[in-house]
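Working notes, structure below.
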Amino acid sequence: MAAASPPPSPPSAKRPKMSSSSDPEADAEPTSPSAAGADPGQPRRPRYKRRKVAILLGYCGAGYQGMQKNPGARTIEGDLEEALYQAGAVPEADRAAPRRYDWARAARTDKGVSAAAQVVSGRFYVDPPGFIDRLNAQLAPQIRAYGYVRVTNSFNAKKFCDRRRYLYLLPVFALDPSAHPDREAVMASMGSGSELTKCLECSERGRKVPGVMGREGKPPSPGESGADAPLEGTVDSHDESGSIGAAKCDPTILDGGNTSAHGELGLSSNEKLDLPVSGNGTDSGNAELGSNSVVDAIPSADADASIGNEEDKVEATATEEKVQGSNGEEKLPTKSDFSYTDEVKERLNRILKYYVGTHNFHNFTTRTKAEDPAAKRFIISFAADRVVSLDGIDFIRCEVVGQSFMLHQIRKMIGLAVAVMRNCAPESIYDVAFRKDVNLNVPTAPEVGLYLDECMFTSYNKKWKDSHEAVSMEPYCEEAEEFKVKYIFPHIAVMEHKEGAVALWLHSLNHRNYPDFRYMETAGAEAKIGAEVAADAEAKVGAEADSIEEVQMPNDNVSE
């Protein structure tokens, strides 16, 4: 007789949903390590549940080396992780170990880039009433958490993000080919009837401009010369760190005696910006910076040194030329009439549409080869339809939506588009910009105007709409807008006013720094030469064949 089988063992308890441990009590940890060993006689501190959540936040990238944590550098992620620990969301055992609590970010912004709507996810100890307040109390004012959403255990902010929308605020003057002219453009315009005057500060970074006198660029008094005049003050140019002196940015166009200044900072020629002065920074130092002070020329070791003294002399003469009206009186330069007209808008949007679709963007990033599958990215839309004014400067609102972006990709896309708009590069360069066999050196626009506007989780929200709250910025739109107005927009305007972030960069857009702007001309010339060589070779072979046929013709006739 068979022995009776033992009774079945009871099924093991299932792991609780949204828990990191099989023990329910393990998830209910105190808010801080000290609470675990609290005196039994003291009131017990609240115990929070560990949940998988998505945190929605914004930040201004000024002073940070990007979003991603980097040892030895101040990053948004580094400050956020420490704040989560100090707020009790991360236990002592998981401190500085983000993998242990499933940390993920929706986007990885570059150095200096801001975000109005970033999303991070992880498993944190949270309580609905006070978690966000405790977190914000540990963060710098330029990083603000708006709220958090309970998500599924499998949620990952990076993998589940369908689309990312970035905005780049580009100053309108950046599209004006005459604003902030490069030395190369100034020299090329000499004698053309539409001569360009150097931008007094920005034309040559780190060097003083020969022949320019004082803050307004006025000529010296009679009897003075650039060689023996007393040096009462100097106009400090941009140093290598990007700081600027007190001289005013005043590029002008001389056309038949009528001069119009490009008021790219939204100011007339006789208005001044309160800019920092390098040196002792005192008011007396500013007072000494008179209108007749002389600027000494500092020799340069770069490619500009090849331009001779005669060209410098011509350039200085053009710069010092007084503006005369029709009645012989001096006229003050007027504000530029360049604006974002429908024609300019149509052209820029046509250029931006080249990026839409799936392309190989290896020329628009760094460290990614053309053969790497990661170089292929899908851009959903790219448009620039509106102008916004920040602190007197008009900015074009360039909006790009894509599945994902690589390092510097958006800034390089903007950089090449600006180069084409300023006629530094032909529009036909886009015919080869996405080819795997072509390597182009593409300019990178400054990071200050770029910010992450929204991360979208459309597929996730649709799939889990019946059981989980949507991961969306909609409930926090007003908070995000207030944050942009308080931190992001002022930072962009200040950097342009005081640092000339875009103005400085515009001077680098020339064929000397970017010889690949002439790629189409060079490639066309090489193709033409190749075609001529091939045609000559073909003609030579044909001639030889004809001579052979002539020799063999009698034999052929005989055979017939």
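The values are calculated or read from the model by the stated rules, or taken from the named source; none is laboratory data. On a predicted model such as this, the values are computed, not experimentally measured, just so you know. Cβ: placed from backbone, ideal geometry, glycine included. Neighbour counts: every protein chain shown. In case anyone asks, the SASA skips ligands and DNA or RNA and just uses the protein heavy atoms, side chains included. Shrake-Rupley method; radii C 1.70, N 1.55, O 1.52, S 1.80 Å.
Points to keep in mind about this one:
- Residue within the stretch 111-120 that is over 26 Å from Gly63 (Cα atoms), in contact (Cβ under 8 Å) with a residue 60 or more places away in the chain, buried (at least 20 other Cβ atoms within 10 Å of the Cβ) and among the β-branched types (Val, Ile, Thr) present: no
- Restricting the stretch 70-83 to residues that are farther than 23 Å from Lys484 by Cα and modelled with pLDDT of 90 or more, the residue that is least open to solvent (accessible area, probe 1.4 Å) is Ala73.
- Qualifying residues in the stretch 114-156 (those that are part of a helix (DSSP H, G or I) and not hydrophobic (A, V, I, L, M, F, W, C)) - the one nearest to the chain's Cα centre (by Cα): Asn136
- Scanning the stretch 473-514 for residues that are closer than 16 Å to Tyr146 by Cα, of a type outside the set (Lys, Arg) and open to solvent by less than 30 Å² (accessible area, probe 1.4 Å) yields a total of 4.
- In the stretch 130-146 there is no residue that is on the phi > 0 side of the Ramachandran plot and either open to solvent by 20 Å² or more (accessible area, probe 1.4 Å) or touching a helix residue (DSSP H, G or I) at 6+ places or on another chain (Cβ under 7 Å) (or both).
- The listed residue being open to solvent by 60 Å² or more (accessible area, probe 1.4 Å), within 30 Å of Lys52 (Cα to Cα) and modelled with pLDDT of 90 or more, out of Glu469, Glu454: Glu469
- The residues in the stretch 371-419 that are outside any helix (DSSP H, G or I), surrounded by 15 or more Cβ atoms within 10 Å (Cβ to Cβ) and among the small types (Gly, Ala, Ser) can be counted, and the count is 4.
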